[in-house]
Every structure is written in C-alpha cells, then in structure tokens.
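The values are calculated or read from the model by the stated rules, or taken from the named source; none is laboratory data. Just so you know, these numbers come straight off a predicted model, no measurement behind them. Quick reminder, even Gly has a Cβ in these numbers, built from the backbone with ideal geometry, and neighbours come from all protein chains shown.
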Amino acid sequence: MKVIKFFLMLTHLNKSISAALAVLALCLTGGTADAVQTASGTRLPARDINTLAAAGNTFPGGLWSDFTTMWVADGEDNKLYAYTLANGARDTNKEFGLNAGNASPYFLWSDETTIWVTDLVNKGIYAYTLADGTRDTGKEFAPHAENGTPRGLWSDGITMWVVDNTDNKLYAYMLANGARDTAKDIDLDVENTAPRGLCGRTVPRCG
C-alpha cells in the first residue's frame, strides 16, 4: 500500500520577506541525513540560490526541480526561469515564456515530461512540455468551481492534488484527464488556515 506524506506551508508573496531574492536551500538529494535536516529546519546557506535578482526573476513564486535544474515561476513577467541546482547559475536554455492567459503563474509541479502551472488570477491549471516550453492543452484542466482559489499542486503520477487557499482543502483530480476524484479529497486541519504550498513524497520510494 502506497503512503503519501504531504507538507503544506503558509506562504505569502511578500517581497520584503525575500529581500535578497534568494531561493532558500532545499534538501533534494534524498537520504536520511537530508530528511533530518529538512525536518529540523536547519538552514543550509551554502546551497542558497542568490542569482534571481540579476536574472530579472524579481517576483519569484512556485518552484520545482528535477535534482539538476531548478525552475522558478515569476509572478510578474509570465515566465519560468531556470537555474543549475548545483551552483545557482542561470540556465537560459531551459527557460520559457508562458501562455498569455497564464500571466500570473504561482505554483508548479512536473513529472519530468510535462510541467503544470497554476495561475493566481485565471485559476486554471496550465500544462507545458518541460523540454521546450510548448503548451500542451491536452493535459490542462480547470479546477472544480468549489476549488476557486487554487494554489499549490502535487501529483503521485496518478492523482493531482490542488490545495485551495480559501476552504482549507486538497482537491483531487485524475492526472490523465483532469476529472475530479472526490474519494481522494483531503480536508485540512482547522489550524491549517490559508494553505498555499504543497509537497508530497511517496513512501517507501523516498525512504
């Protein structure tokens, strides 16, 4: 039986919080040591990426990595920026602009082939081919009417969960066709108000 762990964050797009415009270090290499560091909240400043401002990525939102490259959405210029995870260097060859309707990109998740991007204003789930940024409308879907403030998203490859910022709930959709899967919806704890970010890891795959 596959067990999924979810981690939700109260995050706010506040430039003053990230004055250095850095993506804080993420423990992405797996293993027990990294898991302990992540759980304890230990800072890893040597792994910060401090090149966002120089790249023009001045309103960073969601981020996703394939363990080699870090993609970061920008809420103002309709684009996904790319950085080499090992050293923070910008990788313009892996960057791409988003569809005009996806002008307020917020959170993102990828299966390493397609990358899905939520939109803060239009509230759709947009899809792009990660390799070249081509829009893939066949993999896009509109959240259910009750999921009216979609924010973070994550999938186990079968189900896509989308967190709702207003009604404290994870809505579930079938990744293959975007159909609702209410049996997999998750109601969040009453104290988990205004949820934004969402991340999950499958067990035992990630240890």
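Structure summary
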item	result
Residue 188 vs. criteria among the aliphatic types (A, V, I, L, M) and under 18 Å from the mean Cα position of the chain (by Cα)	no
Close pairs from region 179-198: first farther than 14 Å from residue 146 by Cα and surrounded by 10 or more Cβ atoms within 10 Å (Cβ to Cβ), partner polar (S, T, N, Q) and modelled with pLDDT under 80, Cβ under 7 Å, at least 6 apart	196/11; 197/11
Residues that are assigned to a loop (DSSP other than H, G, I, E, B) and touching an Asp or Glu at 6+ places or on another chain (Cβ under 8 Å), drawn from region 157-174	157, 167, 168
Test: residue 103 is among the aliphatic types (A, V, I, L, M), farther than 29 Å from residue 184 by Cβ, at pLDDT 50 or above and within 17 Å of the chain's Cα centre (by Cα)	yes
Complete set of residues in region 107-133 that are surrounded by fewer than 21 Cβ atoms within 10 Å (Cβ to Cβ), of a type outside the set (A, V, I, L, M, F, W, C) and more than 12 Å from the chain's Cα centre (by Cα)	112, 113, 114, 122, 123, 124, 129, 132, 133
Residue count, region 157-177 (criterion: surrounded by fewer than 16 Cβ atoms within 10 Å (Cβ to Cβ) and modelled with pLDDT of 90 or more)	5
Members of region 99-156 that are out of contact with any strand residue (DSSP E or B) (no Cβ under 6 Å at 6 or more places or on another chain), aliphatic (A, V, I, L, M), over 15 Å from residue 177 (Cα atoms) and in contact (Cβ under 8 Å) with a residue 24 or more places away in the chain	103
Selection status of residue 96, modelled with pLDDT of 50 or more, surrounded by fewer than 17 Cβ atoms within 10 Å (Cβ to Cβ) and either farther than 29 Å from residue 168 by Cα or of a type outside the set (Phe, Trp, Tyr) (or both)	no
Residue within region 146-156 that is surrounded by fewer than 20 Cβ atoms within 10 Å (Cβ to Cβ), closer than 29 Å to residue 51 by Cβ and in contact with an Asp or Glu (Cβ under 8 Å, 6 or more places away or on another chain) present	yes
